[in-house]
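Trainee: Before anything else, here's the structure in question.
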Amino acid sequence: MSQKEEESSTTVTLDMIFLKIGQFGKYQKIIYLLICVPMFCNAVFQFGYVFTTSSPIYRCKTACDIEGFSDYNAPYVNFSIPEDLNGAGRFSKCSRFMEKESVENFTCSPDQFDSKVEECNKHEFIFKDKVTTIANEFKIFCDDEWMLSLVGTISSLAQFIGYPIAGFMSDKYGRKTMIALSGTISATMGIIKSFAPNYIIFLIFEFLDGMAGNTLFNCVFVMAVELAVPQNRVLTCSLLSAIYPFGEIYLALVASTTDNWRTLLRVAYTPALLLTLYFWVLPESIRWQLSKSKDDDVTRNLKQAARKNKVHLQERDIFFLLKENSKSISSSQILSSESEFPIRDAFKAIPYRIIVCAFCFFTNVFVFNGLNINSVLLGGNKYTNFMLCALVEVPGVLLPIFTMDRFGRRFSLSGCMVISGLCIAATIFIQRENTSAILFFFLTGKLAISASFSVLMFYSSEIFPTTIRQSLIAISSTAGRIGSLIAPQTTLLAKYFASGPLILFSAAALLMAVFSTGLPETMNTPLPATLEDAKNIGKKKNNVKA
């Protein structure tokens with residue numbers, strides 16, 4: 001066979017080269033360790049507002065209270081303050097029993113209070129502890145507590161706007177660039193936010209923080225998926241996702257050891273400034289460089305990977321890879337107008353896939369965030385509840401390691417959502433006094449939705465082509481941001497109907513479990529490089545649904 005015939009008959013893919021230089025050598029390990037940091041920081045960026053805007057436990061000041069000496073649980077509170085029926089045994093925050101006008105020489109006894117209830121002065125409260133959030137500092141109490149929930153919604157609105165921008169920039173300028181840029185901006189905005197003199201300024205920087213930092217998860221995950229070969233993709237990316245809950249636990253630990261929201265933000269956000277260094281220390285995704293025909297960069301990075309893994313890589317392998325890549329991109333551009341209108345073409349070619357994926361993101365984000373936010377409303381210590389809720393995410397994100405390659409992506413996704421929906425529904429029918437059972441099913445539901453979310457991140461990375469993968473995932477994630485816009489408002493619903501949020505979470509999870517069964521199976525398939533590749537996923541198994 002001549003040299004020309006050999007070249008024409010040789011097909012080399014990036015996955016083949018990764019297998020030659022080592023599936024998980026020193027080069028890959030360094031990158032995975034580096035991207036663990038932004039994954040960790042993203043949890044802090046995502047849920048920081050849960051503690052900075054949490055409503056403190058307080059009650060009205062009564063005539064029995066002595067300024068500076070009164071206790072929240074003083075004995076006289078039982079007959080001077082009505083019970084909050086939705087407050088897990090707490091006292092009413094904003095009302096008190098009226099004093100009898102005919103009583104003289106007030107001695108603070110039950111017969112000196114009327115059964116009638118009155119609203120108290122909005123600036124006269126007794127607090128259970130010394131923790132200061134923006135509620136204390138900016139005087140946000142009683143009927144104004146919607147302003148606290150609004151912060152979470154503003155953060156989610158910022159993500160709604162930021163995701164498609166970040167997706168476009170990541171596909172255009174690279175995964176590394178977006179990770180470093182997003183992390184740096186968010187860390188800076190978070191620290192500046194800690195100096196906010198009023199509520200409006202705080203909201204502005206919350207918006208800027210959310211718009212930048214909360215896009216990190218997708219960028220990091222896509223980079224990890226593009227680095228891994230199909231055989232290791234589930235394991236390595238699941239281990240990476242398991243870092244996220246530890247960021248949440250770190251946030252809760254910082255919140256539990258700091259009494260002031262300003263200190264919390266400074267301690268929690270300062271480490272993220274290290275992400276500025278990623279402009280120089282983090283290698284770019286080779287798969288992205290191939291999609292942009294950056295042949296020199298691909299060659300340099302592959303040689304560097306081979307050196308770090310102490311493997312010899314032949315020049316001919318790189319030559320055939322670049323040749324095959326050029327042919328694939330040229331063929332894709334001839335078959336469609338993908339290079340000019342990629343998103344429009346994707347909606348024409350795989351509409352069901354994009355729509356269902358978007359709604360799956362909405363459901364998973366809505367339920368995931370909603371359970372996290374509402375965990376601080378459960379009985380007991382709110383920091384412990386939040387940490388437990390985060391801790392169960394670890395087995396949740398690791399569960400796909402054992403299910404995705406055995407049962408497939410599609411069944412794993414729908415099955416996890418079914419389990420989550422049923423467990424959340426179970427908490428509705430358990431007596432409120434049985435806090436242990438409620439916590440068990442609540443945490444199991446959180447574990448299952450965490451597993452579902454992890455599967456979804458894999459799945460969405462595998463059903464979209466490299467050329468527009470980040471953009472399509474960003475569009476789906478943008479739909480997810482609608483879920484995070486609504487999730488903070490469920491705490492207000494809980495004030496009037498305690499089971500309302502749980503009913504919504506359960507119904508959403510069960511409904512999307514049904515629709516997700518129409519997606520194509522991607523188990524043991526290579527990542528699609530072009531839209532044509534993506535259209536053909538699952539067709540050999542007679543699954544023609546896009």
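Trainee: Helices from the chain with mean Kyte-Doolittle at least 0.0 and a Cα length along the axis of 15 Å or more, per DSSP H: which?
Mentor: Values: long enough: 26-52 (40 Å, 1.06); 146-173 (39 Å, 0.75); 175-193 (27 Å, 0.65); 199-213 (21 Å, 1.61); 216-227 (17 Å, 2.08); 243-257 (22 Å, 1.17); 295-308 (20 Å, -1.67); 315-335 (30 Å, -0.16); 351-375 (36 Å, 1.10); 409-428 (30 Å, 1.29); 435-463 (41 Å, 1.34); 469-486 (26 Å, 0.67); 500-515 (23 Å, 2.24).
What comes out of the filter, once short or polar helices are dropped, is 26-52, 146-173, 175-193, 199-213, 216-227, 243-257, 351-375, 409-428, 435-463, 469-486, 500-515.
Trainee: Computed over the Cα atoms of the range 170-308, what is the convex hull's projected area averaged over all directions, in nm²? Before the final figure, lay out each step's value.
Mentor: On the way: hull surface 38.9 nm².
Average of the hull's projected areas for the range 170-308 equals 9.7 nm².
Trainee: Where the only charges are on Cβ atoms (+1 Lys, Arg; -1 Asp, Glu), what is the dipole of the range 113-168 about its Cα centre, to the nearest 20 debye?
Mentor: On the way: 5 positive and 9 negative charges, 55 e Å.
For this selection, approximately 260 debye.
Trainee: State the Cα centre-to-centre distance between the range 406-451 and the range 280-330 in whole Å.
Mentor: Their Cα centres are 43 Å away from one another.
Trainee: Relative to the Cα centre, what is the charge dipole magnitude of the chain, using +1 at the beta carbon of each Lys and Arg, -1 at the beta carbon of each Asp and Glu, and rounding to the nearest 20 debye? Walk me through the numbers on the way to the answer.
Mentor: Numbers: 50 positive and 45 negative charges, 418 e Å.
That gives a dipole near 2000 debye.
Trainee: Candidates (i) 112, 45, 39; (ii) 101, 54, 48; (iii) 91, 83, 48; which is the computed Cα extents along the principal axes in Å?
Mentor: (i)
Trainee: Taking N as the number of residues in the range 128-250, what is its alpha-carbon radius of gyration divided by 2.2 N^0.38 Å?
Mentor: The reported ratio for this selection is 1.28.
Trainee: Tell me, what is the percent relative contact order of the chain, built from C-alpha pairs under 8 Å that lie six or more residues apart? Provide the component values of the computation, followed by the final result.
Mentor: Numbers: 876 pairs, mean separation 110.6, N = 546.
Rounded, it is 20 percent for the chain.
Trainee: Share of antiparallel DSSP beta bridges in the chain, in percent to the nearest 5?
Mentor: Details: 8 of 9 bridges.
So the antiparallel bridges in the chain amount to around 90 percent.
Where a number appears in this text, it was derived from the coordinates with a stated rule and is not lab data. The shown structure was predicted, so the numbers you read here are calculated from the model rather than taken from an experiment. Backbone-built Cβ (ideal geometry, glycine too); neighbour counts: all protein chains shown.
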